[in-house]
Amino acid sequence: MERTFLMVKPDGVQRNLVGEIVSRFEQKGYTLVGAKMLAVSKELAETHYGEHKERPFFGELVGFITSSPVFAMVWEGENVISEARKMMGATNPQEATPGTIRGDYGIQVSKNVIHGSDSVESAAREIDLFFNEDELVSFKKTN
Ligand code: CMP
């Protein structure tokens, strides 16, 4: 079963959108297998966003994600990596379709509410970066 890493960014946490975002993925039918609030360190931010190191906005990106707590999650389910990206909408909220998370709750590309893994490889890497194995559960739903 596929797993993805999703993170409500500091803007989403401060605007009390955690419950709304969790609810959307629950209602879609995905399973939450790990979640925690955390303050992202500069080192973790630079590793997580390593692929953007040469971009002009890298400093801003690291500064923002370390500015206040995030809500990190691991979700499980069929095709959850690509489906979650559809539910999040385009990276730039002004290009995101209404009905998606960024389309409904964001305006600025730097404060786009949520991050989600973009491939099987990045999901595995990001889950491993943010979570220890014993922080994730594995269960079959019976209700
Ligand atoms: P995310 O999915 O977390 O992955 C990289 C992030 O870089 C992206 O969301 C945006 O929030 C951010 N980003 C992309 N382009 C810009 C930009 N031009 N200025 C600031 N941040 C950006």
Q) With respect to G77, is the statement that it is more than 17 Å from R125 (Cβ to Cβ) and away from the ligand (no atom under 14 Å from the Cβ) true? A) yes
| message | With the structure loaded, tell me whether S68 is without any contact (Cβ under 8 Å) to a residue 60 or more places away in the chain, within 16 Å of the ligand (Cβ to nearest atom), within 13 Å of the chain's Cα centre (by Cα) and open to solvent by 20 Å² or more (accessible area, probe 1.4 Å) or whether it fails that test. | response | no
Of the conditions (1) touching a residue at least 40 places away in the same chain (Cβ under 8 Å); (2) open to solvent by 30 Å² or more (accessible area, probe 1.4 Å); (3) part of a loop (DSSP other than H, G, I, E, B), the single one that R55 does not satisfy is (1)
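Give the range 1-46 a look and list any residue that's in a loop (DSSP other than H, G, I, E, B) and surrounded by fewer than 14 Cβ atoms within 10 Å (Cβ to Cβ), or say none.
M1, N16, G29, A39, S41
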Per the filter on the range 95-143, residues modelled with pLDDT of 95 or more, out of contact with any Gly (no Cβ under 7 Å at 6 or more places or on another chain) and among the charged types (D, E, K, R) are E95, D104, K111, D118, E121, R125, E126, D128, E133, D134
Of those in the range 80-124 that are basic (K, R) and either part of a loop (DSSP other than H, G, I, E, B) or open to solvent by 20 Å² or more (accessible area, probe 1.4 Å) (or both), the residue farthest from the ligand (Cβ to nearest atom) is K86
Counting only residues that are aliphatic (A, V, I, L, M) and touching a residue at least 60 places away in the same chain (Cβ under 8 Å), the range 104-119 contains a total of 2
Of (1) part of a helix (DSSP H, G or I); (2) surrounded by fewer than 11 Cβ atoms within 10 Å (Cβ to Cβ), K140 fails just (1)
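The values are calculated or read from the model by the stated rules, or taken from the named source; none is laboratory data. Predicted model, so just to flag it, every value in this text is computed and none were measured. Positions of Cβ are generated from backbone atoms using ideal geometry, with glycine treated the same way; all protein chains shown enter the neighbour counts. Ligands, DNA and RNA are excluded from the accessible area calculation, which covers all protein heavy atoms including side chains. Shrake-Rupley method; radii C 1.70, N 1.55, O 1.52, S 1.80 Å.
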